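The values are calculated or read from the model by the stated rules, or taken from the named source; none is laboratory data. All figures in this text were calculated on a predicted structure; none of them were measured in a lab. All Cβ positions, even for glycine, are placed from backbone atoms using ideal geometry, and neighbour counts span all protein chains on display. With ligands, DNA and RNA removed, areas are computed over all heavy atoms of the protein, side chains included. Shrake-Rupley method; radii C 1.70, N 1.55, O 1.52, S 1.80 Å.
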Amino acid sequence: MKIFPLITLFFPPSKLKNRLLNLFPNVYVDKSAYVGFSYIRAKKITIQANAKIKHFVRIKGVQELLLKEKSYIGNFNSLYCNEALGDKGNFVLGEMSELVRQNALDLTNDITIGDNVVIGGFGSQFWTHGFDVYRNRIEGEIVIANNVYIGSSTIFNLGITICDDVIVGAGSLVSRNIKQTGFYAGSPISKKADYCELSASNRTSLKCEKFGRKFYVKELGLE
């Protein structure tokens, strides 16, 4: 499939591009999907209805890539797997989930992201492998469930799971499993509050509603 990533990189997004991509084995790109100017190389590719891959995304060496309906990969994200070492990581992005911008995902092992998850801001890192002092390698998958918000520049260690209904604050280090709903932050991460909705916090007030969403503001002097 050496020609495939050239098509994804140089052909403008269009229904014609999607039809061309579907001529390749183990590829399904829905006619309503959007594939921008990005380098994509994976053994099996499924891009469902209204899913989007924007521009300058690098997806290299991945075993299986699955983007569910209305999922979104923004500009300058990088998903990579070292095929030379026999690594076979898979990537799943759930319905209505977003990988916003300029994040790095190591797919030595699998990364599974559930429905309605936002990897917000930019600069988050997902690591599915590591080494000891003797260069012995360890690996482990990362699993994020549904209804999760991840703040900008968060780092994930290998072998991590996050349950439903969780907020992770920006700049956090996720080095252990999160098994309870709530708001977490810090390095290393710890639980800060039980709520996962801004409306449940006594530190915020509703500013307005638009685009089907609520916008809150944190008052000065509140910690």
Item to complete: Classify the stretch 1-44 as rounded, prolate or oblate, taking a ≥ b ≥ c as the square roots of the eigenvalues of its Cα gyration tensor: rounded when a/c is under 1.5, otherwise prolate if a/b is larger than b/c and oblate if not.
Response: oblate
Item to complete: Please report, as a whole percent, how much of the solvent-accessible surface of the stretch 1-127 comes from carbon and sulfur atoms (probe radius 1.4 Å).
Response: 57 percent
Worksheet item: Solvent-accessible area per residue for the chain at a 1.4 Å probe radius, Å²?
Response: 54 Å²
Worksheet item: Let a ≥ b ≥ c be the square roots of the eigenvalues of the Cα gyration tensor of the chain; is it rounded (a/c under 1.5), or, if not, prolate (a/b larger than b/c) or oblate?
Response: oblate
Worksheet item: DSSP beta bridges in the stretch 90-188, what fraction antiparallel, as a percent rounded to 5?
Response: 10 percent
Practice prompt. Report Rg/Rh for the stretch 47-163, rounded to two decimals, where Rg is the Cα radius of gyration and Rh the Kirkwood radius.
Written response: 0.96
Item to complete: Can you send over the carbon and sulfur percentage of the accessible area for the stretch 152-204, probe radius 1.4 Å, protein chains only?
Response: 48 percent
Fill in: DSSP bridge pairs, the chain: antiparallel proportion in percent, nearest 5
20 percent
Item to complete: Any chance you could run the full-extension gain for Arg19 through Lys218? It's 0.36 nm times the residue separation minus the Cα-Cα distance, nm to one decimal.
Response: 66.9 nm
Response to the item:
Under the 7 Å Cα-to-Cβ spin-label approximation, Arg135 and Asp194 lie apart by a distance in nanometres of 5.1 nm
Fill in: Hypothetical label at Thr112: residues of the stretch 150-186 whose amide nitrogen lies under 17 Å (7 Å Cα-Cβ projection)
158-165, 177-179
Item to complete: Give the shape of the stretch 42-94 as rounded, prolate or oblate, defined through the alpha-carbon gyration tensor: a ≥ b ≥ c are the square roots of its eigenvalues, a/c under 1.5 means rounded, and otherwise the shape is prolate if a/b is larger than b/c and oblate if not.
Response: oblate
Discussion item. Against the empirical 2.2 N^0.38 Å scaling, what ratio does the C-alpha Rg of the stretch 77-116 come to?
Written reply: 1.24
Worksheet item: Which of the pairs Lys68/Lys210; Lys52/Lys179; Lys88/Lys210; Lys2/Lys70; Lys15/Lys214; Lys52/Lys210 have their Cα atoms more than 32 Å apart in this structure?
Response: Lys88/Lys210; Lys15/Lys214
